[in-house]
Amino acid sequence: MRSASPRGYGALPSHAAAPSPMSAPSAVHRGAALVSSLREQGRALIATQRPWGQLLDSAALARPPSAGEAISRLRRNLTYFRSNYALSVLLALAIGLIWQPASLAAALILAAAWFFLYLARDRPLVLFDRRFDEGTILGALSLATFFALVSTDLGSNVFKSVGVGLLLVGMHAVFRITDDLFMDESEAVSGGLVAGLGGPGRPAFVVRVV
């Protein structure tokens, strides 16, 4: 005698529930996230800057007595004034672009192209009844940026402005004495000036940069 199996036991459902597709974040959201990230980084850079009067104190400038002292000053000042130095290089770049209106216009056009064609676009790009995918757009924008940098004054102006900014930063870091500079433990460790001593619960201390 064959026993009847429970109704429906072992039977597969006729229609499996299809998983709901995860919607990828739109390009608008990516662009907004990028702008928000840049804004937060800018705010953090401004918040961590040292007093400009301390940076520009002419009484604290002196010729290093040796090459070893010059390297030591360079490392310590780059750690202590890193936000001020970064802002100074950005200022040199901005002045260099403003001084050359054509380069400024080219930079603005490239920035607008990247933003509207790649970051802020939330639908496929269609031109002349042809659809362009993300990889094609990214490659075209990268090629256009490279071509603008190497074949116009934009690239030379950017490199010159950043180079002048880095040169001034390096000269200041070498000639700025460090006897009056103090930083806490985390800053000294992040700058590679001292080895970390801590674990959780260890008190922070102040390091005099000499």
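The values are calculated or read from the model by the stated rules, or taken from the named source; none is laboratory data. Keep in mind the model is a prediction, meaning the values are calculated, not measured. Positions of Cβ are generated from backbone atoms using ideal geometry, with glycine treated the same way; all protein chains shown enter the neighbour counts. Ligands, DNA and RNA are excluded from the accessible area calculation, which covers all protein heavy atoms including side chains. Shrake-Rupley method; radii C 1.70, N 1.55, O 1.52, S 1.80 Å.
Of all residues in region 69-88 being within 17 Å of Asp179 (Cβ to Cβ) and of a type in the set (Ser, Thr, Tyr), which is nearest to the chain's Cα centre (by Cα)?
Top of the filtered list is Thr79.
Of these, Val126, Val150, which one is modelled with pLDDT under 80 and surrounded by fewer than 14 Cβ atoms within 10 Å (Cβ to Cβ)?
Val126
Restricting to region 153-191, and then to whatever is modelled with pLDDT under 80 and not in a helix (DSSP H, G or I), can you tell me which residue is most open to solvent (accessible area, probe 1.4 Å)?
Filtering region 153-191 for residues that are modelled with pLDDT under 80 and not in a helix (DSSP H, G or I), the one most open to solvent (accessible area, probe 1.4 Å) comes out as Phe182.
Somewhere in region 35-47, is a residue in contact with a Ser or Thr (Cβ under 7 Å, 6 or more places away or on another chain), of a type outside the set (S, T, N, Q), at pLDDT 80 or above and open to solvent by less than 70 Å² (accessible area, probe 1.4 Å)?
no
Taking the condition of being of a type in the set (A, V, I, L, M) and closer than 14 Å to Leu167 by Cα, how many residues in region 70-86 meet it?
So the answer is 3.
Which pairs have Cβ atoms under 7 Å, sit 6 or more apart or on different chains, and link a residue in region 48-62 that is part of a helix (DSSP H, G or I) to one that is modelled with pLDDT of 90 or more and surrounded by 12 or more Cβ atoms within 10 Å (Cβ to Cβ)?
Trp52/Asn84; Leu55/Phe81; Leu55/Asn84; Ala60/Arg176; Ala60/Ile177
Looking at Ala140, Ala120, Ala92, Ala105, which one is exposed (fewer than 13 other Cβ atoms within 10 Å of the Cβ) and either of a type outside the set (S, T, N, Q) or modelled with pLDDT of 90 or more (or both)?
Every option except Ala105 fails the conditions.
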